[in-house]
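These notes are about the structure you will find just below.
The values are calculated or read from the model by the stated rules, or taken from the named source; none is laboratory data. Here the structure is a predicted model, which is why all the values come from computation and not from measurement. Cβ coordinates were reconstructed from backbone atoms using ideal geometry, including for glycine residues, and neighbour counts include every protein chain displayed. Areas reflect the complete protein model, heavy atoms only, side chains present, ligands, DNA and RNA absent. Shrake-Rupley method; radii C 1.70, N 1.55, O 1.52, S 1.80 Å.
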2 protein chains.
Amino acid sequence: MDALLFDPRQPGHVAFVADHPEPQRRRGEVLVRVHLAGICATDLELVRGYMGFAGVPGHEFVGTVVAGSRDLKGKRVVAEINCVCRTCDMCRRGLTSHCRRRTVLGISGRDGAFAQFISVPARNCHVVPRALDDARAVFVEPLAAAVHVATQQRIDRTMRVAVLGVGRLGLLVAQVLALRKCRLTAIDRAPAAVAMCERLGVAGQALADVKPAADFDVVVECTGRPDGLRLALELVRPRGTIVLKSTYALPGDRNLAPLVVNEVRVVGNRCGPFPPALRLLCAGKIQVEDMIAGTYALRRGPEAFAAAAEPGNIKILLQPDRP
Amino acid sequence: MDALLFDPRQPGHVAFVADHPEPQRRRGEVLVRVHLAGICATDLELVRGYMGFAGVPGHEFVGTVVAGSRDLKGKRVVAEINCVCRTCDMCRRGLTSHCRRRTVLGISGRDGAFAQFISVPARNCHVVPRALDDARAVFVEPLAAAVHVATQQRIDRTMRVAVLGVGRLGLLVAQVLALRKCRLTAIDRAPAAVAMCERLGVAGQALADVKPAADFDVVVECTGRPDGLRLALELVRPRGTIVLKSTYALPGDRNLAPLVVNEVRVVGNRCGPFPPALRLLCAGKIQVEDMIAGTYALRRGPEAFAAAAEPGNIKILLQPDRP
């Protein structure tokens, strides 16, 4: 089958291959024909060496089940990315996304969705309602991660909240938090990103215009940049909370004294629940169409990755059945 | 009067001066004759340039009020270190230790206790019961900071807790947490520190023997070293908590991806409440005598600072009225 392949011996580069073997379904898994898949910041970091991944990347996708489950066959699905054991201490605690033996679609230990087919555990699948087209359903996974900010951290209308960095993920986080009616400000280096927030009804501010006054109750760090935490520490109030979303391949040089002196709480935040993300998209509460900067055939994958790395392009999609 | 003085133009060095002007009491302040003062890690960092401090350092002390308050005159006191405005947004929230306009004894904006006299707000003073001698009362301030770990973070007997670094502060934190009957392990590079924990009834482990299994519910980072957070991230379980105590002059090179991936909560933790610290010391629940490695006259201050920087010496005290 066609696939994009990352070889860690060639960092920074993905290759298109036309003869990648079709995935072998393991017990309890279904084979999904991928309609559409999204490139996210984690994919860009993976090909820079993050996680030491090798294989087919891609974890944001929508497709149709073609084999492995009578119930799901022919259904259009999205799938949660953590494939878990259900027996380790974390799974038994209910923290399945932290399963000690997990593999993660296109991120760790198994191939992902930048291919014609992907094999995923049947229990990871969520059926996509007919009303939700592929171009929106492909946003369920990152939107779930955005929803997770508000499941892990209480956000209410009394709170001053900043979303720092309104790119791929930040734009989703900002829209989710706006629904909580908190006192929200979206902050970005790029005037275009700020303008996009304003169009979505979220108050935006260019980073250059921000006077850090350590007065936000919550700062959600979505910059994807190593200096994001430093900026967040300048914005958050003493005893406030920073929700950290960005992961990077490279460590940054960080002075954490303000974290201790101001008794700030920093909380890492990763994958989220699919059902509320599906509901929000179906209800038209989250706008994603304007985020799509381009859709590429799989054989143009290297070009698509280059486009995804351009700051102006928010979301680049791959369409494996496009010739 | 005699005092130790830090001049930021001479980093790494404190000077003894015999002609430092006596402190001018401001409104609401009392003048305290210092009996005994302790050198802590923050003092060592200050003279390396942390906080850009200049003046008389020192914030752990016990002394006798000699002027400024009829009620307190002649009383032996310890004093909270944050001098606050009571009118800013943080003070009005009840977060007085985060007062926007605060000065901090011997750390920020005002002279400290490594001198014959110090001026402090009367409301910062706590009278020391007769039963508590100076050599133990001088530990009230750092013990309050240790108590604060358990006021900010719930610790109970179901929890596996690690104290990482059992030096000046870690030994106090370990003793406080042991009273919570949690499943406690004290970890240090130095075998002598581990042995001291064992003598105090706290299970200890040498860092070299620790196999990081990401299985502690809470890790209290008291190493005072830039790599402390990295170690803590290897010890804490997914969704667990790291309480960060160390502040350093120099930033460290830190890869925070595990914080995000494992959704760890990192909480900065600084000053704590004096009354429980006084009660614990009076009740003999916390052993501090064995921590004292030497007591120096003020004129031997530079020597005392050098001794405090030696890893084997846990607590070095300064005694201004010693000739």
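Observations
- Segment A:32-70 and segment A:193-220 have Cα centres spaced 31 Å apart.
- Taking a straight line from the alpha carbon of A:Lys181, these lysines sit under 20 Å away, with near neighbours fewer than eight places off in the same chain left out: A:Lys285.
- A convex hull fitted around the alpha carbon atoms of chain A yields 133 Å³ per residue.
- Shortest-first distances to equivalent copies, position A:Asp156, nm, label 7 Å out along Cβ: 2.3
- Of the solvent-accessible surface of chain B, computed with a 1.4 Å probe over protein heavy atoms with every protein chain present, carbon and sulfur atoms account for 49 percent.
- Solvent exposure of A:Cys91, expressed as accessible area, is near 10 Å², computed with a probe of 1.4 Å over the protein chains only.
- Anchor B:Lys73: aspartates and glutamates whose Cα lies under 13 Å away (excluding residues fewer than 8 positions away in-chain): B:Glu29
- Each Lys and Arg contributes +1 and each Asp and Glu -1, all at the Cβ; summed about the Cα centre of chain B, the dipole is approximately 1200 debye.
- Cα gyration tensor shape for segment A:1-55, rounded if a/c is under 1.5, else prolate or oblate: prolate
- On Cα atoms only, tilt of A:140-152 relative to the major axis of chain A in degrees: 40 degrees
- Each Cα pair of segment B:164-207 feeds into the Kirkwood radius, which the Stokes-Einstein equation turns, at 10 °C and 1.306 mPa s, into a diffusion coefficient of 162 µm²/s.
- Which of A:Pro273, A:Val138, A:Leu256, positive extreme of dipole for the protein assembly as shown (C-beta unit charges): A:Pro273
- For the protein assembly as shown, the Cα-based Rg and Dmax, in that order, read 28.2, 90 Å.
- Kirkwood hydrodynamic radius computed over segment B:203-323 comes to 17.3 Å, based on all pairs of distinct alpha carbons.
- Heavy atoms of A:Thr96: accessible area, 1.4 Å probe, square angstrom to 10: 50 Å²
- In the elastic network of chain B, a GNM with C-alpha springs shorter than 10 Å, the most mobile of B:Arg136, B:Arg199, B:Arg225 is B:Arg199.
- Among B:Asp19, B:Asp227, B:Asp111, residue whose mean-square fluctuation peaks in a GNM of chain B (springs only between Cα atoms under 10 Å): B:Asp19
- Separation of alpha-carbon centers, segment A:149-167 and segment A:267-323, rounded to whole Å: 22 Å
- Rounded D (µm²/s) - segment B:146-268, Kirkwood Rh over Cα pairs, Stokes-Einstein at 4 °C, 1.567 mPa s: 92 µm²/s
- A 1.4 Å probe run over the protein chains yields, for chain B, 41 Å² of accessible area per residue, whole-number rounding.
- In summary, the aspartates and glutamates within cross-link reach of A:Lys315, defined as a Cα separation below 19 angstrom excluding same-chain residues under 8 places away, comprise A:Asp43, A:Glu45, A:Glu60, A:Asp133, A:Asp134, A:Glu141, A:Asp188, A:Glu198, A:Glu221, A:Glu289, A:Asp290, A:Glu303.
- When B and A come together, around 3500 square angstrom of accessible surface is lost from both chains combined, probe 1.4 Å.
- Toward the positive end of the charge dipole of chain A, with +1 on the Cβ of Lys and Arg and -1 on the Cβ of Asp and Glu, the farthest Cα among A:Val161, A:Ser246, A:Met90 is that of A:Met90.
- The mean sequence distance of close C-alpha pairs (under 8 Å, at least 6 residues apart), as a share of the length of chain A, puts its relative contact order at 19 percent.
- Remark: segment A:146-268 carries a charge dipole of roughly 300 debye about the Cα centre, counting +1 on each Lys and Arg Cβ and -1 on each Asp and Glu Cβ.
- Two-decimal log10 I(q)/I(0) for segment A:1-104, as the Debye equation yields it once each C-alpha is a single scatterer, q = 0.12, 0.16, 0.21 Å⁻¹: -0.50, -0.88, -1.28
- Shortest-first distances to equivalent copies, position A:Glu289, nm, label 7 Å out along Cβ: 7.9
- Positive dipole terminus of chain B, leading residue within B:Ala206, B:His59, B:Ala192 (C-beta point charges): B:His59
- Between B:Ala208 and A:Ala54, the simple spin-label model (points 7 angstrom out along Cα→Cβ) gives 3.5 nm.
- Gaussian network model of chain B, springs between alpha carbon atoms under 10 Å - residue of B:Ala131, B:Ala190, B:Ala146 with greatest fluctuation: B:Ala131
- When B:Gln10 is represented by a point 7 angstrom out along its Cα-to-C-beta vector, the spacings to that point in the other copies are 6.3 nm, nearest first.
- Dipole moment magnitude, nearest 20 debye, the protein assembly as shown about Cα centre, only Lys, Arg, Asp, Glu C-beta charged: 2060 debye
- Counting, for every residue in B:267-273, the Cβ atoms of other protein chains within 10 Å of its Cβ and taking the mean gives 5.
- Within-10-Å neighbourhood charge of A:Leu171 [Cβ basis; K, R +1; D, E -1]: 0
- As a calculated quantity, the FRET efficiency between B:Lys75 and B:Asp227 at R0 = 51 Å, using C-beta atoms, amounts to about 0.70.
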